[in-house]
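Step one of this worksheet: look at the structure below.
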Amino acid sequence: MPPVTTALIAANVAVYLLQMTQPSLAVPFALWPLGASAASNGQVSFQVWQLLTYGFLHGGLVHLLFNMFALYMFGGALEQVVGSRRFTAYYLVSVLAAAVTQLLVMALAREIYPTVGASGGVFGLLLAYAIYFPHNRVYFLLVPFPIKARVFVFIYAAIELFLGVTGTQEGVAHFAHLGGLVGGGLMLAYWRRGRLLRR
């Protein structure tokens, strides 16, 4: 595997193992809404570093395994194409975009709860994979046969939007996932614009 993909997987696993021994670790490093301090009498609060650190925490083993498998499956291929430096920037921008989206959603809902997980970064990787490898076939849990990557991403994004709007799957930051996808898309558009200007 490429070095950054390997390092990200190792970091996520290491942090999860640390969470098992120090459960309180999630309190200062999970993503809290902007008004958390006032609403919770100062017990928890939003901090700038949470915009990235939340992406290395996970709510359980299944959550971790799912994200790390996706990071391995899609991240490795993407890093080999764009290079380690650009891959790192792309992944972190996707995580950051997902965090900003989640902050907006929590502000509108006026709810106080922490957000954790690498899913925002993973959704950014899904979009990039579908753009760089549109005809590669992947398996989707709801479809018994392999489908093209670009179709897979479209279906997955539509499901996330439906679940987010209807609120039928509570406890999952669906709009944060979509925020990571949109953030990744903006990053790809920026790269493409830069290439056109250089030409």
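Quick note: the coordinates plus some simple rules give every number you see, no bench work behind them. What you see is a predicted model, and the numbers here were worked out from it, not measured in a lab. Quick reminder, even Gly has a Cβ in these numbers, built from the backbone with ideal geometry, and neighbours come from all protein chains shown.
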Exercise for review: Among Ala97, Ala70, Ala89, determine the one that fluctuates most according to a GNM of the chain built with springs between C-alpha atoms less than 10 Å apart.
Suggested key: Ala89
Practice item. State the Cα centre-to-centre distance between the range 53-84 and the range 11-31 in whole Å. Key: 16
Check your understanding: So what is the relative contact order of the chain, in percent, for Cα pairs below 8 Å that sit 6 or more residues apart?
Key -> 24
Study note, to complete from the structure: The answer for the net charge of residues other than Ala128 whose Cβ lies under 13 angstrom from its Cβ, with Lys and Arg +1 and Asp and Glu -1, is +2
Review point. Which helices, taking whole DSSP H runs in the chain, have alpha carbons extending 30 angstrom or more along the helix axis plus mean Kyte-Doolittle at least 1.0?
Key: 84-109
Exercise for review: Treating only the Cβ atoms of Lys and Arg (+1) and Asp and Glu (-1) as charged, compute the dipole magnitude of the chain about its Cα centre; round to the nearest 20 debye.
Suggested key: 960
Point to revise | Charge dipole (the chain, unit charges on Cβ, about Cα centre) - positive-most of Leu64, Tyr90, Ile9 | key: Tyr90
